[in-house]
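One structure below.
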Amino acid sequence: MYKVLARKYRPSKLSEVVGQPVAVTILKNAIKTGKLHHAMLFYGPMGTGKTSLARIVAKSLNCDNGPTIEPCGTCEACQAISLGKDVDVVEIDGASNRKIENARNIIESVKYPPLKRRFKIYIIDEVHMFTLEAFNAMLKTIEEPPSYVKFIFATTAIEKVPDTILSRCQILYLKKIPEAEISKKLLFISQSENIKIEEDAINLIAFASNGSLRVAEGFLDRCISFKPYGTITKDDVSRVIGVPTREIVKEYINEILTNSEKEALKIINQLSGNSINLDTFNRIVIEELLKQDISLETRTALLNIFYQSLVDIKQKINPQDALIVATYKAKAAIKLDKIENLIEKVQSGSFSISNSSEAKKKLKNLETTEKGSLQENLNKNSDSESKVDLILKTFGGKIINIEKIND
Ligand SMILES: Nc1ncnc2c1ncn2[C@@H]1O[C@H](COP(=O)(O)OP(=O)(O)OP(=O)(O)O)[C@@H](O)[C@H]1O
Ligand SMILES: [Mg+2]
Ligand SMILES: [Zn+2]
């Protein structure tokens, strides 16, 4: 039977856990010294190792040769726990067992010592789904369980867990896994599975998975189904998982910075039509904005806008809509920024034009044809808006680079 990569490559001991050095070190030390907290809560984004770590802790504590940080993996306890079928390691899905009755069942069963193992371990996944009543019912038990009981809670939404629960737990944060670590693991899997895949392709998967190793392994699965025999390339990955290339992102930003919003909108619509993941697109836009040579004001304004669209997409607003709105906002922000800069310079009295010869020529033309320098004309106009108009008119509607005041 074919087993998906994410399951086949679930880490089975602490040394196999990728990209979580802090959590792993804390757990290692606690297991070694026998000081593991009786209630732990693992939180962090999806596919970063919460459930895996919970099972590893259970094995470490209950392995026939333990407690040990290197559970053997072959004894009866290790095998049963790996399959999620051990009598004394109870895995509970918090989403479907969220009511007070479910909590009461747990509290009741805590009273009975383990049947076969050292510890009775409750792994409660998605614990944030518990009702408030269920949480409250559990408080006392979580605070002072019998010495043979350990609770391990896992959640992606710690903010939904009441403080009264949090304050009774040791909390471990599992962070997004760095791209380089994901690439390394994907390379290892490809080699073990005899899969031919280019390095660029692996890196693109790692990037697109946004810190989740499970997502990355799922992407690799899809690419393998798409191309079981030949070498998987970057373009294959782009097509199969719908991740945009960096080039198209750069083109989009360039359109926003220099031209009308029309072309930028065209790009968004095209990507959407080709089923390219717009959430990933948005994330690359932010990355690229951080690298662009633009003013602090423009950068801040654009980052704000694209962080907002990222949040909107996360909150299930149609990604295409979110990015269309962001495109308009970005364009408006740039216009506003340029005009504000101009006003500021005009109000400060005098200015000179950028050294470009084209600019000088235009200024010269103006001086001869309009009887008087631009500067004089500006001095005559009192309100700054008409000054801006004048400058815009002078330079054919295009704002050119106005440099240091040095008249
Ligand atoms: N830190 C990690 N080290 C190694 N493999 C990992 C790690 N995190 C995730 N994986 C891979 O992803 C799969 C799923 O991981 P796991 O079930 O532990 O994630 P999770 O954090 O519980 O996710 P969710 O929040 O969606 O329940 C594992 O079987 C493994 O293949
Ligand atoms: Mg999980
Ligand atoms: Zn064992």
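Quick rundown of the values:
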item	result
Those residues of region 15-37 which are aliphatic (A, V, I, L, M) and within 10 Å of ligand 1 (Cβ to nearest atom), in sequence order	17, 18, 23, 24
Only listed residue being assigned by TED's automatic domain parsing to the domain that holds residue 123, surrounded by 15 or more Cβ atoms within 10 Å (Cβ to Cβ) and among the small types (Gly, Ala, Ser), chosen from 34, 44	44
Subset of region 99-112 [surrounded by fewer than 19 Cβ atoms within 10 Å (Cβ to Cβ) and either touching an Asp or Glu at 6+ places or on another chain (Cβ under 9 Å) or in contact (Cβ under 8 Å) with a residue 60 or more places away in the chain (or both)]	99, 100
Enumeration of residues in region 38-54 that are in contact with a helix residue (DSSP H, G or I) (Cβ under 8 Å, 6 or more places away or on another chain) and within 16 Å of ligand 1 (Cβ to nearest atom)	40, 41, 42, 43, 44, 46, 47, 48, 49, 53
Among the residues listed as 253, 268, 286, 241, the single one being modelled with pLDDT of 95 or more, within 27 Å of residue 302 (Cβ to Cβ) and under 17 Å from the mean Cα position of the chain (by Cα)	286
Scope region 184-213; condition part of a helix (DSSP H, G or I), more than 22 Å from residue 50 (Cβ to Cβ) and in contact with a Lys or Arg (Cβ under 7 Å, 6 or more places away or on another chain); matching residues	200, 201, 204
Unmet criterion (only one of (1) more than 27 Å from residue 48 (Cα to Cα); (2) within 16 Å of ligand 2 (Cβ to nearest atom); (3) aliphatic (A, V, I, L, M)) for residue 89	(1)
Qualifying positions in region 190-214 - β-branched (Val, Ile, Thr) and crowded, with 22+ Cβ neighbours inside 10 Å	197, 202, 205
Residue 276 surrounded by 15 or more Cβ atoms within 10 Å (Cβ to Cβ), within 18 Å of residue 238 (Cα to Cα) and not small (Gly, Ala, Ser)	yes
Residue tally, condition under 12 Å from residue 14 (Cβ atoms) and in a loop (DSSP other than H, G, I, E, B), over region 31-49	1
Qualifying residue in region 55-66 (condition: surrounded by fewer than 18 Cβ atoms within 10 Å (Cβ to Cβ) and either within 14 Å of ligand 1 (Cβ to nearest atom) or outside the structural domain of residue 213 (by TED's automatic domain parsing) (or both))	yes
Selected residue (only one of 52, 12 is of a type outside the set (A, V, I, L, M), within 16 Å of ligand 2 (Cβ to nearest atom) and in a loop (DSSP other than H, G, I, E, B))	12
Residue within region 314-325 that is surrounded by fewer than 14 Cβ atoms within 10 Å (Cβ to Cβ), assigned to a helix (DSSP H, G or I) and outside the structural domain of residue 209 (by TED's automatic domain parsing) present	yes
Qualifying positions in region 111-138 - in a helix (DSSP H, G or I), in contact with a helix residue (DSSP H, G or I) (Cβ under 6 Å, 6 or more places away or on another chain) and among the hydrophobic types (A, V, I, L, M, F, W, C)	134, 135, 137, 138
Filter result (assigned to a loop (DSSP other than H, G, I, E, B) and under 17 Å from residue 87 (Cβ atoms)) within region 139-164	146, 148
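The values are calculated or read from the model by the stated rules, or taken from the named source; none is laboratory data. Keep in mind the model is a prediction, meaning the values are calculated, not measured. Neighbour counts are summed over all protein chains in view; Cβ atoms, including those assigned to glycine, are modelled from backbone coordinates with ideal geometry.
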